[in-house]
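Peer 1: First the structure, then my questions, so here it is.
The values are calculated or read from the model by the stated rules, or taken from the named source; none is laboratory data. These figures come from a predicted structure and were not determined experimentally. Note: ideal-geometry Cβ built from the backbone for every residue, glycine included; neighbour counts use all protein chains shown.
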Amino acid sequence: MRERDDAERTEEATPRRREEARKKGDVAKSREIPAVLIILFSLIYFYLLKNYYYRLFQDMFYFFINISHTGCINLHTFLLSLSFTAKILFPLFLIMILVSIFSYVVQFGFIFSADPLIPKLEKLNPVKGMANLFSKRVLVELLKAIFKVAIIFYIVYGFIKTEIKKIGFIYGLDPLSYFILLAKDSWILLFKISIAFILLSILDYAFQRWDYEQSLKMTKQEVKEELKQQEGDPLVKSRIRRIQREMARRRMMQEVPKADVVITNPIEIAVALKYDEEKMEAPKVVAKGAGVLALKIREIARRHGVPIVENRLLARMIYKMVDLGEEIPESLYKAVAEVLAFVYRQKERV
């Protein structure tokens, strides 16, 4: 069922789906990048401040040697011990925090989401948990772990193979010199491992990006549903348009009794005109229609005593050329004036 569902997800994620995933904290990210950058920046930090840490470790070494000889342990020596520990660890912890934040910001920017902190009951599902043990992500993590071990083994083996030749010089060193040599060799070894892990982190980020895009893909039905939510359901929109047309038609019919004349085709088309010399420069179309709507206009006009004049050509021209609520064009002034004059003469006779 899961394979079938994945096979149906062929559509690229829409901007709305991406935004919703981002709000939930669901973004493409590699945990390898923060880890390798923390190690690398820590090593660079120790290298740049090696003289400071040399003096610090030297003082700490003599301090503990003195304590072991005198056996004097009191509040003062305890505070000095804390001071040495803080001077070593606090800058390192600060670097780890800043580099970790920086590495995640570089990958996906700033995100403030509490969704990942909310407990989810589906995570306690044992069936789903067993399925996750054989998922593609777990397989990739296993391959990464094997690859990491292989890289470390290869680099350490090569390093030891090279440094084993210097083992004869170690016997003649004092403890402090031995410590300095060990620190230097450890720094070189960790630096080489960090450089190798940078390549792994780049490959891992590429995979995480691809896997994230695959997880966001949508089915055709999901895309349709989202479009409906964004633009509105076509059926609802159609109904709204129908209601709007009905309301406009009702308002138009209310204007027919106020018209001065209705010009017909005689059955197919009906156009109602109104003219007020003080407010209008030319007669205005207050209602028009064809077919059933034309019959309705004529019926209302007869009911309210509005004159109906048959003029096939003029009715068709006004219906095509003039929109509802607009005044007639100058080219029709003469023809309409003749109709209105005829209507006014008829009213005078009555």
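Peer 1: So ASP185 passes all but one of these: (1) modelled with pLDDT of 75 or more; (2) of a type in the set (Asp, Glu); (3) exposed (fewer than 11 other Cβ atoms within 10 Å of the Cβ). Which condition number does it fail?
Peer 2: Among (1) modelled with pLDDT of 75 or more; (2) of a type in the set (Asp, Glu); (3) exposed (fewer than 11 other Cβ atoms within 10 Å of the Cβ), ASP185 violates only (3).
Peer 1: On to the next question. Would you be able to tell me the number of residues in the stretch 222-264 that are at pLDDT 85 or above and polar (S, T, N, Q)?
Peer 2: Count: 2.
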